[in-house]
Structures are given as structure tokens and as C-alpha cells.
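Report on one structure; see the data block that follows.
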Amino acid sequence: MAEHLTQGSHDADSTRTRPTPGSDLLSSEDASSLELFTKKELTDELKFRLLHHTGNKSELVKRLLEDNARRRADGTLDSLTMLLNTSNERLASMESLAATNEKLQADVDALKSQLQILMATANERPSEQVGQRHDDQVDTERIDEQRESTLDTPRHVTPADARDEILGVRRTPSETNDMARLMAMMVESQVTIAECLARAQQPLQVHSTSDTSTAIAFFDGSVRADVKAWTAETERIASLAHWTPSLTLVNAISRLKGPARDWHTSYGRKIETWDAWKEALTERFKRKMTMQEFLNYQAQRTLRENETITEYVYAKNAMLEKAPYNLATEERISLILAGITDDKWANPLAAQCCTSVIDLIDRATMLDCHRSTERDQN
């Protein structure tokens, strides 16, 4: 009886369904759930997260639990799960395409082997057929008739025909048809391979690091932040870094703060594609500053005592990009000069009658030299 109970318990354990990697492993904060995975699966998951992956199984489980808790606290756990699922789908697709390419390559190799056999057979026949031409008068007359008809009727001569003519090879209609059919099969296989390779050209999968993801500026969703400019800059960085749309979404989410982070926690986390998420974010934070709000905002930025005039012009010009409409060059220069409160430096710049911000920066650079000399003397 005890043996039967032991055997039944063993059968129940052997038939218990284990979870697959990428399901509970990413989101579970229960140690018993993570214990169901093998040490190799736990190690692979830690490698994917760029975490330390050595130690015994208990240490690996503890490390994953700590990372899950940290990611759930900062709101990036769901994004990580989505990225892993996308990577698994991409890997399965690439493996399927690789198997198809291997099969097509095997077919091409088989066709090449058949072609080599036919070519070898053709090379063995010339001497026999040349001897037969001298002994068989009927064949000679038929050859002469064919040559005369060839001279009367122009025909297209292929390289293979020219080679056969030099070697004195006479092919039967069935051999000619077999060769044509074999060449057609090879051409068709090459076209199929080219089409499969074209479909297999997927975007390069790049796993981002903190160095590249931090190239995206923070977005807080305030009225001073331009959501369209922020998403456009994010897509520009993603294009330069060869990010996939899924990775772009993950990195963009990591650069949210303030109201924008709260919006994502409540609503954005339910959206799984970059295009849909970008559209929803833009719709929520598309409001721009009014002209009065903008004037009050830019008036707060003036020339500081510890910065050069050139540094100030660069900073103020970037701030003016947040205007509710495109500023004319004269308006832009006027607002920049208004932030230089010391007339000793503002008047010389205004007297230059600059025609562009670049021209203003060139004048400011020369003025900084005099300003620096005066400070040294004092």
C-alpha cells in the first residue's frame, strides 16, 4: 500500500504543469512560484535583465524577487514583460525563417548535383558521337541538312549550344527538355530564396543600456513641456540607436515623471504599442502655453552673473522654442536682449543690428572677451 501511495505521489509530481519562462517569472513576487523554474531558466532571466547571475538557486530566486519588487515600485515591470514577449516572438519568427532558408538551400544543392551529373554525362559522349559521324553516312547527311536549315533560319544560340557545337555533342529532345526544366527549377529556387531573405530583414534588435536610454529628456507633462517635440526627439534617438518600437516604448516610459508618470500608471500601462501609446500621450498633454503664460515664463530667464553672454543666448534661444507660435527673428532677438538687464552689455549688442541669432552669438562672443578682461582687472 505504501509503495502504491509513493508511486501515485511521484506520478502526480511528474505530471504537474510547470509555468513557462516569461509568464510568472517576470511579475511574480512569490518565492514558491519562482522555485518551480530550473536554475538555467533563472540564470537566463537574470542575464536578460543585465543582473548578476551566479550563485545557487536560492540566491537567484532572491535576486529576482528583489528586482521584481523594485520594478513594480517604479512602474517598469509591465514594460519589461512586454519587451520579453516581443523578443520571444521575434526569435521564433527568425528561427522559422532560418529553417525555411536551410530547406531551400538543400533543394538548390540537390539541383546543382543533378546538373553536375548531366554535365558529366554530356562530357563522356563527344568522342563516341564524333566517331559515329565518320562511319554513319545517314547521320552525316542529316547533320548537313540541319546545318543548311540553320543557315537559312536564324536562331538564338546559347552558351550551352555553342559548347555542344564545338565538342560535337548532339542532344536528344528529351535531354534538352531535361536541361531546360532543371535550369528553370534552379531559377525558381533562387527567386524563392531571395524573397524569403527579403521578408527576413527585420529591424535590428538592440537591447538598450542606461547610457542610451538617458539620451531622452524627462517629460513631466507640464504646460511648459511640448509633448509633440518630446515624442519626435524620442523617435529620432530610437532611429539612430536602431531601437524596435517595443524598446522605444520601454525607454520612453522610463523617462516620464510627475503628471506624465501618473497618467501612464493609471491609463498608459494598458497600451502595448508605441504608436498607440504616443497618440494617447499626445492627446492628453497637447495643450500649449498661452502667449501671456509664455511671456511670463521666458521673462524669468535673465543673464546670470556667473555665465557668459554666449551661454545665456544659447539657453534663452532654446527656451523661446516653447512659444505658442513661430517667432520672427526680430522678436526672438528682442526677447533675448530683454533678458540682459545690464545696459553696459545690452546696448552694444542692440547697436549691432544683428539679422539672425547666429549673428548675435558671434557678437556676444567678442563682447565676452571684454567682459572677462574687465572682471580680471577688478
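Hey, got the dipole for the stretch 210-284? About the Cα centre, +1 on K and R Cβ, -1 on D and E Cβ, debye to the nearest 20? Mind dumping the intermediate values first?
On the way: 10 positive and 10 negative charges, 37 e Å.
Dipole about the Cα centre, nearest 20: 180 debye.
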Length added when fully stretched, M94-A328, from 0.36 nm per residue minus Cα-Cα: 79.0 nm
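Can you tell me the FRET efficiency between V187 and K103 if r is taken as the Cβ-Cβ distance and R0 is 22 Å, rounded to the nearest 0.05?
Details: r = 18 Å, r/R0 = 0.80.
For R0 = 22 Å, the calculated efficiency reads 0.80.
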Log entry: pair-distance distribution for the stretch 225-378, C-alpha pairs binned every 5 Å from zero, whole % per bin is 1, 8, 15, 15, 12, 11, 11, 10, 8, 5, 2, 1, 0
Sort 232-244, 323-335 by packing, meaning the average of other beta carbons within 10 Å per residue, with the highest value first. 232-244, 323-335
Does the stretch 291-377 come out rounded, prolate or oblate by the C-alpha gyration tensor, with a ≥ b ≥ c the root eigenvalues, rounded set by a/c under 1.5 and, if not, prolate when a/b is larger than b/c and oblate if not? prolate
To the nearest 20 debye, the stretch 247-323 has a Cα-centred charge dipole, built from +1 on Lys and Arg Cβ and -1 on Asp and Glu Cβ, of 220
Quick one: which residues, 5 or more positions from G258 or on another chain, have an amide H under 5 Å from its amide H? H modelled 1.01 Å from N in the peptide plane, none for Pro or chain starts. none
Here is the link list: K278/K322; K286/K316; K103/K278. Which ones come out longer than 30 Å on Cα distance? K103/K278
In sequence order, calculated HN-Hα J values of the stretch 365-370 (Karplus, 6.51, -1.76, 1.60; Hz; x Gly/Pro): 5, 5, 5, 5, 5, 5
Nearest 20 debye, what's the magnitude of the dipole of the stretch 291-377 about its Cα centre given +1 on Lys and Arg Cβ and -1 on Asp and Glu Cβ? 100
Per Stokes-Einstein, at 37 °C and 0.692 mPa s, what whole-number D in µm² s⁻¹ belongs to the stretch 268-321, with the Kirkwood radius over Cα pairs as the hydrodynamic radius? 233
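Using Cα-Cα distances under 8 Å and only pairs 6 or more residues apart, what relative contact order does the stretch 210-284 have, in percent? It would help to have the intermediate numbers written out before the result.
Working: 56 pairs, mean separation 28.1, N = 75.
Dividing the mean separation by the residue count of the stretch 210-284 yields 37 percent.
Quick note: the coordinates plus some simple rules give every number you see, no bench work behind them. Remember, it's a predicted structure, so these values are computed and weren't measured experimentally. With ideal geometry, Cβ positions are generated from the backbone for all residues, glycine too; neighbour counts draw on all protein chains shown.
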